[in-house]
Amino acid sequence: MKTARMFKFLVLPGRERAYGDYLRDVVTPIDEAAHKADTFLELVTLTPNGESAWNHGRVFVFRDAAQRAAFDGSDEARIKRKAYAETLRRQIVVSGYDIS
């Protein structure tokens, strides 16, 4: 059964441009390499319509729970990227989903 992991963020006021640069220069190349390495099946970027507690979302779709569990593993480089990203945005929620 396919599964997904959704991340919702609130990009901090005045940090929108820096966050866009971060996504383009740091995150996108990592996502592209991970997708080529079969780390996930698909990535969807979301922005809500209207008022919301978040303003940027990312949904990763996985083949199954095992692929999602491998994605959730942590490493030192990811922790460092996350520390920098936290100066640009706040994580609102991370949720897991089964897709039927």
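Bear in mind that the values in this text are calculations on the coordinates, not laboratory data. Note that the coordinates shown come from a computational prediction; the quantities given were computed from them, not determined experimentally. So basically every Cβ, Gly included, is an ideal-geometry build from the backbone, and we count neighbours across all protein chains shown.
Using a Förster distance of 30 angstrom, determine the FRET efficiency expected from the C-beta separation of V94 and I30, and round it to 0.05.
E between V94 and I30, to the nearest 0.05, is 0.95.
With a 10 Å Cβ neighbour count serving as the proxy for reagent exposure, in which order, fewest first, do F71, F40 appear?
In order of increasing Cβ crowding within 10 Å: F71, F40.
Which angle between 0 and 90 degrees, to the nearest 10, do you get for helix 76-85 versus the longest principal axis of the chain when only C-alpha atoms count?
30 degrees
If you take the beta carbon distance between E42 and E16 as r and set R0 to 30 Å, what does 1/(1 + (r/R0)^6) give as a FRET efficiency, to the nearest 0.05?
Efficiency at R0 = 30 Å is approximately 0.75.
Run the dipole for the chain about the Cα centre, Lys and Arg Cβ at +1, Asp and Glu Cβ at -1, nothing else charged, and hand back the magnitude in debye, nearest 20.
Here the chain has a charge dipole of around 180 debye.
Using the per-residue mean of other Cβ atoms lying within 10 Å as a proxy for protection, in what order, highest first, do the peptides 23-31, 6-14 fall?
The densest-packed peptide leads the list: 6-14, 23-31.
With Rg/Rh (Cα atoms, Kirkwood Rh) as the read-out, I listed [x] 0.96; [y] 1.04; [z] 1.17; which label goes with the value calculated from this structure?
[x]
Under 8 Å for C-alpha pairs, at least 6 residues apart: give me the relative contact order for the chain, rounded to a whole percent.
54 percent.
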